[in-house]
1. Kirkwood Rh over alpha-carbon pairs of segment 270-414, then Stokes-Einstein at 20 °C and 1.002 mPa s: what D in µm² s⁻¹, rounded to an integer?
2. At 7 Å along the Cα-to-beta-carbon direction for both K55 and R345, put a label point, then send me their distance in nm to one decimal.
3. Count charges around I352 for me, please; just the other residues with Cβ under 12 Å from its Cβ, Lys/Arg as +1, Asp/Glu as -1.
4. Taking H placed 1.01 Å from N in the peptide plane, check which residues at least 5 places from S159 or on another chain put their amide H under 5 Å from its amide H.
5. Report the label-to-label distance for S385 and T143 in nanometres (one decimal), using points 7 Å from each Cα along the Cα→Cβ vector.
6. What FRET efficiency, computed as 1/(1 + (r/R0)^6) with R0 = 22 Å and r the Cβ-Cβ distance, is obtained for T310 and D357, rounded to the nearest 0.05?
7. Give me, ordered by chain and number, the residues 5 or more places off V132 or on other chains with an amide H under 5 Å from its own placed amide H.
8. Given Cα pairs under 8 Å that are at least 6 residues apart, what percent is the relative contact order of the chain?
Amino acid sequence: MWPYYPDLLATPVPRYTSYPTAAEFGPLSATDHAQALGGAHGNVSLYVHIPFCEKICFYCGCNTGKAGKRQRLESYLDALCREIDLVSDLLPSDAAVRRIAFGGGSPNAISPAEFLALVDRLTTQFSIDDPVFSIELDPRTFTAEWAKAIGRVGIERASLGVQTFSPHCQEAIGRIQPESLIERSVGLLRDNGVSSLNFDLMYGLPDQSHEDLRDSLEQSLSLGPDRIALFGYAHVPHLIPRQRVIDGNALPGPADRFAMASLGHELITSHGYHAIGFDHFAKPDDPLAQAAATGKLRRNFQGCTDDQSTILIGLGSSAVSSFPKLLVQNEKNSGRYRMLASQGRLTTSVGITRSTDDQMLGRLIENLLCAGRADVPQFLQRSVSDGLEPFIDRGLVTLDGDRLSICSTGVPYSRAIAALFDAYRPQSARRFSSAI
Ligand code: SF4
């Protein structure tokens, strides 16, 4: 069990999937976006957002809506294809796509035939160089036809939204999926070539006991995923109205949440998984564990990754693009997104230019969260010394010259420690979720 210091976790902090975080985004012109695309030389990664799900879970904070009407899906896919054409035309000829990730929402809210047509559009429009494909999947709507499409494209990495196996927790979060469904999805994915399979799991759910969590973890481990991401449920109904259905009184308190994160860490690592960053786990031979072992672990909008590219191009409504000097988010509203794309315009909505300081602090925060250590120049040490002191005093971090290292007992405090270096944080703390 990790040592629990509630005072060090009292302030809500971001997950730092980017720095500056999305909370700092402001209006941005399409000209800035176009210039960044025009300067995207070398290896680039693509993220393609499908903002639809067959059934919406009560807890979900993603930009997604009910798949419902066919016509809505089709017009969205039309707009996405137009954006693909426009963005690919703006890229320089030496930009080579080495990764393509599909997320959402649930990419399998569209039909396998529509998915294959989308992949075809991407591979004909972009200059593709033996890419690594990955996809997020909703097991509730995952079919044998979909599995075949995955095999046909050659997707080796997939992530299943498992969350919990406890029936009463599933009911409380509006996501009913029996274990047999997950087992079947795992079998279909393995049979169709997926070699790196992730399970997303959650703690801190309504009426979830420690036993519930332990059972879900053990059931998950028995199905042999290559990776596990264990997230704490973030209850922010003032920001995500669909969470109002969840009874806030049924949620575990901060001490319980901390104990659950600790239980998950102990149980998963005791089965031979390596802890990656502060909330991911991977088998030692998985590319994520190998990236962590060789100091190549990174963080992007999808969490921990072994992707080395410094350029991630987001396609689809609300998708975020990351360039060394710019972060850009596409229009979130799918109606406006479709209108802009159909007019042949970039769907730029908000973003932020990354100053030299932002880039330096972003690297520092990323190093702390991925490698558990970072070099901190003296002037920065002085500016965070008051905040850092309680972590040093309690043996959660060490500072040796310029080297700041997070101890094994300090792992659950990683985000709070990283947040000390966030120059924007004093103004934006209210907008984030609990630090554990
Ligand atoms: S399936 Fe995933 S993206 Fe869709 S509503 Fe549920 S949690 Fe959100």
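1. My calculation gives 122 µm²/s for D.
2. Distance between the two pseudo-spin positions: 3.9 nm.
3. Computed value for this residue: -1.
4. When sequence neighbours closer than 5 places are left aside, the close amide H contacts are I135, E136, L137, N198.
5. Taking the two extended label points, one gets 6.5 nm.
6. According to the calculation, E is roughly 0.80.
7. For V132, the qualifying residues are R99, I100.
8. The normalised contact order for the chain reaches 23 percent.
Values in this text are rule-based calculations from the coordinates and carry no lab data. What you are looking at is a predicted structure, and each value in this text was computed from that prediction instead of being measured. FYI the Cβ positions are ideal-geometry reconstructions off the backbone, even for glycines, and counts take in every protein chain you see.
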